[in-house]
Amino acid sequence: MESLAKIPIQPDRILDCYGMLCPMPVRKTAETLHEMRFGQILQVIATDEWFGPDLEAWLRHHPHDLLSLEQTREEIHAYVRKC
């Protein structure tokens, strides 16, 4: 997965989905974004290898911006702006 942003992103909230499996990381992301204000940024940390593709598919049907999606050795970090 490739980063879409080149500057550090400062999230307004961080959602820890460590150890959760599909569909929970995307479901928790949706619930958390629902609670946030427009323009705020959510950082999601997940370990499910399918989180990235699942999140991208979910975002095709929801009006939020994926700012960055990065995978480290053990984690996936996503930054989503609520729109």
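Since every read-out is calculated from the coordinates, none of them should be taken as a lab result. Only a predicted model underlies this, so the values are computations on that prediction, with no experimental measurement involved. Every residue, glycine as well, gets a Cβ built from its backbone with ideal geometry; the counts of neighbours run over all protein chains shown.
Some points to look at:
- Across segment 11-30, the qualifying residues are those that are without any contact (Cβ under 8 Å) to a residue 60 or more places away in the chain and in a loop (DSSP other than H, G, I, E, B), and the one among them that is farthest from Trp50 (Cα to Cα) is Asp12.
- Selection within segment 42-57 - surrounded by fewer than 18 Cβ atoms within 10 Å (Cβ to Cβ) and of a type in the set (A, V, I, L, M, F, W, C): Ile45, Trp50, Ala57
- Screening segment 31-79 for residues that are assigned to a loop (DSSP other than H, G, I, E, B) and under 15 Å from Tyr18 (Cα atoms) and picking the one that is farthest from the chain's Cα centre (by Cα) gives Arg73.
- Complete set of residues in segment 18-39 that are within 20 Å of Cys83 (Cα to Cα), out of contact with any helix residue (DSSP H, G or I) (no Cβ under 6 Å at 6 or more places or on another chain) and either of a type in the set (Gly, Ala, Ser) or crowded, with 16+ Cβ neighbours inside 10 Å (or both): Lys28, Thr29, Ala30, Thr32, Leu33, Met36, Gly39
- Looking only at residues of segment 58-77 that are of a type outside the set (Val, Ile, Thr) and touching a residue at least 60 places away in the same chain (Cβ under 8 Å), we find that the one that is surrounded by the most Cβ atoms within 10 Å (Cβ to Cβ) is Leu69.
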